[in-house]
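J.: Handing you a structure now.
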Amino acid sequence: MLRYRREDLGGIVSGIDTTEWNPKTDTKLAKNYDVRSYAGGKKANKLALQKELGLKETNDVMMIGMVSRLTNQKGVYLITDRLREILGMDVQMVVLGTGEANAENAFKWMENEYKGKAVYYCGYNEELAHRIYAGCDLFLMPSIYEPCGIGQLIAMHYGSLPLVRETGGLKDTVHPFNQYTGEGNGFSFWAVNADDMVYTLRWAADQYYNNKPGWKGLVKNAMNSDVSWEKSADLYEQLYYTLCAWKDN
């Protein structure tokens, strides 16, 4: 029935509170920044986060962040099944969240196995979440299904490029990088497949290390994306007017 009436359906994604989540004014950060000053701001926040969490302090490594419920819905097992492969790359990884015991145990193993390179915070700490969004370079969110998603919106606003699976609101808000045109605001893959996720992650790392202008353009695109509730509210208003006009006819 929904497919039959697809012309009558529309989707409006959520927004974020850009007062609470604003790297320019966020009091939880080591250094504030905006799209014009993001390079120095993210560098300072990465170094501060590394020091806070006991990671090797260097700005030359790509830091992967994850703030999530650790459930199958969030695609967490795509990650835990390939932790050795992911941490075998020249990256650091910070995970914040709690959820299914198997996932928690896998990330505890990760932290123990890769001291100085990976950290797992079991639980939720909002101040730390702010600092992860500001300090990481890539935000991992390979959800199996996601009606909208908020994490990828916050990540973009903080200049952390989301790497997502193309589903629901993630597909609607994250547009994959086109290295030929410079378009996009993140990275994505389609299949529910750990191989595809790791392939995309490797490609993102290659862009980070070997295509500095492209990465810089991507960050600017992400930070310039309108992820506010104002945009969503305008769409709701347009929908209401459309419905009223249809009813009057």
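J.: Could you list, ordered by first residue, the pairs with Cβ atoms under 7 Å in which the first is in the range 15-33 and closer than 23 Å to Gln50 by Cβ and the second is among the aromatic types (Phe, Trp, Tyr), at least 6 apart or interchain?
T.: Pro23/Tyr33; Pro23/Tyr158; Lys24/Tyr33
J.: Does the range 107-150 hold any residues that are of a type in the set (Lys, Arg) and assigned to a loop (DSSP other than H, G, I, E, B), and which are they?
T.: Lys115, Lys117
J.: On to the next question. Hey, does the range 5-18 have a residue that's of a type outside the set (Phe, Trp, Tyr), assigned to a helix (DSSP H, G or I) and buried (at least 18 other Cβ atoms within 10 Å of the Cβ)?
T.: Among the residues of the range 5-18, not one is of a type outside the set (Phe, Trp, Tyr), assigned to a helix (DSSP H, G or I) and buried (at least 18 other Cβ atoms within 10 Å of the Cβ), which makes the answer no.
J.: Would you check if Thr167 is touching a helix residue (DSSP H, G or I) at 6+ places or on another chain (Cβ under 6 Å) and surrounded by 17 or more Cβ atoms within 10 Å (Cβ to Cβ)?
T.: In short, no.
J.: Kindly indicate the residue of the range 61-70 that is free of Cβ contacts under 8 Å to residues at least 40 places away in the same chain and part of a loop (DSSP other than H, G, I, E, B) and also nearest to Gly159 (Cα to Cα) among those meeting that condition.
T.: Across the range 61-70, the extreme among qualifying residues is Val61.
J.: I would also like to ask the following. Which members of the range 155-197 meet the condition of being among the hydrophobic types (A, V, I, L, M, F, W, C), under 13 Å from the mean Cα position of the chain (by Cα) and more than 24 Å from Gly10 (Cβ to Cβ)?
T.: The answer is Ala155, Leu161, Leu163, Phe187.
J.: Taking Lys74 as the residue in question, decide whether it is among the charged types (D, E, K, R), within 17 Å of the chain's Cα centre (by Cα), within 23 Å of Gly149 (Cβ to Cβ) and buried (at least 18 other Cβ atoms within 10 Å of the Cβ).
T.: Yes, satisfied.
J.: Which ones in the range 33-60 are under 23 Å from Ala118 (Cα atoms) and in a loop (DSSP other than H, G, I, E, B)?
T.: Matches in the range 33-60: Gly54, Leu55, Lys56, Glu57, Thr58, Asn59, Asp60.
Just so you know, all these numbers are worked out from the coordinates, no wet-lab data involved. Since the structure is predicted, the reported quantities are computational estimates derived from the model, not experimental observations. All Cβ positions, even for glycine, are placed from backbone atoms using ideal geometry, and neighbour counts span all protein chains on display.
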